[in-house]
1. What are the residues in the stretch 22-35 that are more than 17 Å from L74 (Cα to Cα) and either of a type in the set (A, V, I, L, M) or open to solvent by 80 Å² or more (accessible area, probe 1.4 Å) (or both), if any?
2. Can you tell me how many residues within the stretch 39-78 are under 14 Å from L22 (Cβ atoms) and modelled with pLDDT under 70?
3. Please give the number of the condition D19 fails out of (1) of a type in the set (D, E, K, R); (2) modelled with pLDDT of 70 or more; (3) open to solvent by 60 Å² or more (accessible area, probe 1.4 Å).
4. Would you mind stating whether S12 is in contact with a helix residue (DSSP H, G or I) (Cβ under 8 Å, 6 or more places away or on another chain), of a type in the set (S, T, N, Q), modelled with pLDDT under 85 and open to solvent by 60 Å² or more (accessible area, probe 1.4 Å)?
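The values are calculated or read from the model by the stated rules, or taken from the named source; none is laboratory data. No experiment lies behind these values; they were computed from the predicted model shown. Every residue, glycine as well, gets a Cβ built from its backbone with ideal geometry; the counts of neighbours run over all protein chains shown. Heads up: the accessible areas ignore ligands, DNA and RNA and are worked out on the full protein's heavy atoms, side chains in. Shrake-Rupley method; radii C 1.70, N 1.55, O 1.52, S 1.80 Å.
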Amino acid sequence: SNGGAIFDVDGSGTVDAGDIALLLLQYGVDCSAATRPCYSDSLGRQRLGDGPCDCPEDLDGSGAVDAGDIGLLLLNFS
């Protein structure tokens, strides 16, 4: 649904160790300058319009990839 949170950041179809690895690689990145926020499409991919969104690892929308994002990912771990 448009505006829904998506936790499968690597697109594998499940929330797993690959997603945690991506978040850890991006940990500390400032997303406040992102111009294209993330929304999910009908296939569960993070998209805005026809292109990928900026900073999809910012799961909680705080403007940074931080502990809150890791917490959300772990809560949704498969």
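1. Pass one, the stretch 22-35, residues more than 17 Å from L74 (Cα to Cα): 28-35.
Residues satisfying the conditions are V29, D30, S32, A33, A34, T35.
2. Adding up the residues that qualify gives 2.
3. (3)
4. Values: in contact with a helix residue (DSSP H, G or I) (Cβ under 8 Å, 6 or more places away or on another chain): yes; of a type in the set (S, T, N, Q): yes; modelled with pLDDT under 85: yes; open to solvent by 60 Å² or more (accessible area, probe 1.4 Å): yes.
Here the answer is yes, as S12 does meet what is asked.
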